[in-house]
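Enquirer: I have a structure here, written as structure tokens, and I will follow up with some questions on it.
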Amino acid sequence: MGYAVDRFVNAVDSNLICNICTGVMDQAVVTLCGHSFCEICLKTWLEKPETDTCPTCRSYTSKFDMIPNIAVRSIIDASLVWCDNAERGCKIVMKLDSLKKHLDKCEYREVKCSACCAVFPKNELANHYKVCVVIEEELMKAKDRSLIDVTVESLQRQIAALEIDLARTRTSLKDSEKYAFTVAKELENLRQEHETRESQLRQYPDWDPDYAYGYSPSSIAQLSCLLSKYLLERPSCIDRNRIFMAIKRCYTYYHNYAGYTQDVHMLLATSCASNWFQEHQRLLLERWLEQVTTSRISINNANRNVDLDYR
């Protein structure tokens, strides 16, 4: 989710607003069609069932095509914002990328009394300790207040507060142990996932998940070989949407490029012969194949006529 517009000191440019959450973009990303959104907003949008289009123009897009919008992120990070504790009295104004560091030490941030658990601004906590009912009760249990002078009373208050802190620390330690167990379990799951992925990569050496397919002419033949090898049984580790977008790039960039039209023709024909793609993707592939075929026939006929004229 993006940042609320009213937390910024100056008016926010409309180009910095996410069209999904209507907030100022957080970790902005841009799609291939040129529209920018919050990264988490676009991911959430694309994770909806049967949703694979840009929220703005409805052109096809995939989570693999999200690109960090560095320029927009820099502009937003440099924008001035109010402190989150402004309503409690903090008047500090800072750049957005400095906000987290400021909040960790802001004197107006909310903190909890370790004795009664009441919440106060940090700069009021010291005065609260002087009148905290729970600390008073601990002191009453410890010793008859009539025998305590001012100095000893002050020490007693500190001891009582420390005892309460110790009890709460022990509780926090138990919670931390539970959290450590959870993290260890998640780590084990990640290791298993990593081992599974390595096993799949060994099983399918033709597939490189880190390679940017569709951005170079050499990837046209690589995609054709990959599709033809597993024509009717797509490996589960290969995302069909990512392959489709790579084929789309090959078609867009190279189908009219001298020397690569034949390669694109082969790639599209192989794609149509496979069972890798959804119905709407197959319709586009067939349309592209028809266009490339028609174009090649026209070129061949023109070349044949030139040869006849030459003779």
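The values are calculated or read from the model by the stated rules, or taken from the named source; none is laboratory data. If you're wondering where the values come from, they're calculated on a predicted model, not measured in any experiment. Ideal geometry is used to build each Cβ from the backbone, glycine not excepted, and the neighbour counts take in all protein chains shown.
Enquirer: Taking the stated definitions as given, is ARG287 at pLDDT 90 or above and either in a helix (DSSP H, G or I) or under 30 Å from ARG202 (Cα atoms) (or both)? Don't jump to the end; show me each part of the working.
Expert: Details: at pLDDT 90 or above: yes; either in a helix (DSSP H, G or I) or under 30 Å from ARG202 (Cα atoms) (or both): yes.
The answer is yes for ARG287.
Enquirer: Follow-up. Of the conditions (1) more than 30 Å from ASP210 (Cα to Cα); (2) crowded, with 17+ Cβ neighbours inside 10 Å, LYS101 fails just one. Which one is it?
Expert: Failing condition for LYS101: (2).
Enquirer: On to the next question. Considering the range 85-108 alone, what residues qualify as being more than 20 Å from the chain's Cα centre (by Cα) and in contact (Cβ under 8 Å) with a residue 60 or more places away in the chain?
Expert: Residue satisfying the conditions is VAL93 alone.
Enquirer: I want to confirm something. Restricting to the range 239-284 and keeping residues that are in contact with a His (Cβ under 9 Å, 6 or more places away or on another chain) and at pLDDT below 90, which single residue is surrounded by the most Cβ atoms within 10 Å (Cβ to Cβ)? Break it down into steps so the answer makes sense when it comes.
Expert: In the first step, residues of the range 239-284 are kept if they are in contact with a His (Cβ under 9 Å, 6 or more places away or on another chain); the result is 255, 261, 264-265, 268.
This time we only want the ones that are at pLDDT below 90, so: 255, 261.
Numbers: HIS255: 20, THR261: 16.
Among those residues, the one meeting the criterion is HIS255.
Enquirer: Of all residues in the range 45-62, which are buried (at least 16 other Cβ atoms within 10 Å of the Cβ) and within 14 Å of the chain's Cα centre (by Cα)?
Expert: TRP45, LEU46, SER62
Enquirer: Any idea which residue in the range 250-262 is nearest to ILE238 (Cα to Cα), counting only those that are assigned to a helix (DSSP H, G or I) and within 35 Å of the chain's Cα centre (by Cα)? Show your work before the answer.
Expert: Initial filter on the range 250-262 (assigned to a helix (DSSP H, G or I)): 250-254, 261-262.
Those still in the list that are within 35 Å of the chain's Cα centre (by Cα) too: 250-254.
Working: CYS250: 18, TYR251: 20, THR252: 22, TYR253: 23, TYR254: 23 Å.
Selected residue: CYS250.
Enquirer: Residue by residue through the range 79-98, note down the ones that are in a helix (DSSP H, G or I) and either surrounded by 17 or more Cβ atoms within 10 Å (Cβ to Cβ) or touching a Phe, Trp or Tyr at 6+ places or on another chain (Cβ under 6 Å) (or both).
Expert: Passing the criteria: ARG88, LEU96.
Enquirer: While we're looking at this one, here's another question. Take the range 113-134 and flag every residue that is among the β-branched types (Val, Ile, Thr) and over 41 Å from the mean Cα position of the chain (by Cα). Give the derivation first.
Expert: Here is the first cut: in the range 113-134, the residues among the β-branched types (Val, Ile, Thr) are 119, 131, 133-134.
Within the range 113-134, VAL131, VAL133, VAL134 meet the criteria.
Enquirer: Just checking, which of VAL12, VAL30, VAL72 is at pLDDT 90 or above and more than 30 Å from THR252 (Cβ to Cβ)? Steps first, please.
Expert: On the way: VAL30 fails: more than 30 Å from THR252 (Cβ to Cβ); VAL72 fails: more than 30 Å from THR252 (Cβ to Cβ).
Residue meeting the stated conditions: VAL12.
Enquirer: Hey, another quick one. If I ask for residues that are of a type in the set (Asp, Glu), closer than 15 Å to ASP77 by Cβ and part of a helix (DSSP H, G or I), which ones from the range 1-51 would you list? I'd like the intermediate steps shown before the answer.
Expert: Step one: filter the range 1-51 for residues of a type in the set (Asp, Glu), giving 6, 13, 26, 39, 47, 50.
Filter once more, so that each one left must be closer than 15 Å to ASP77 by Cβ: 13, 26, 39.
The answer is GLU39, and nothing else.
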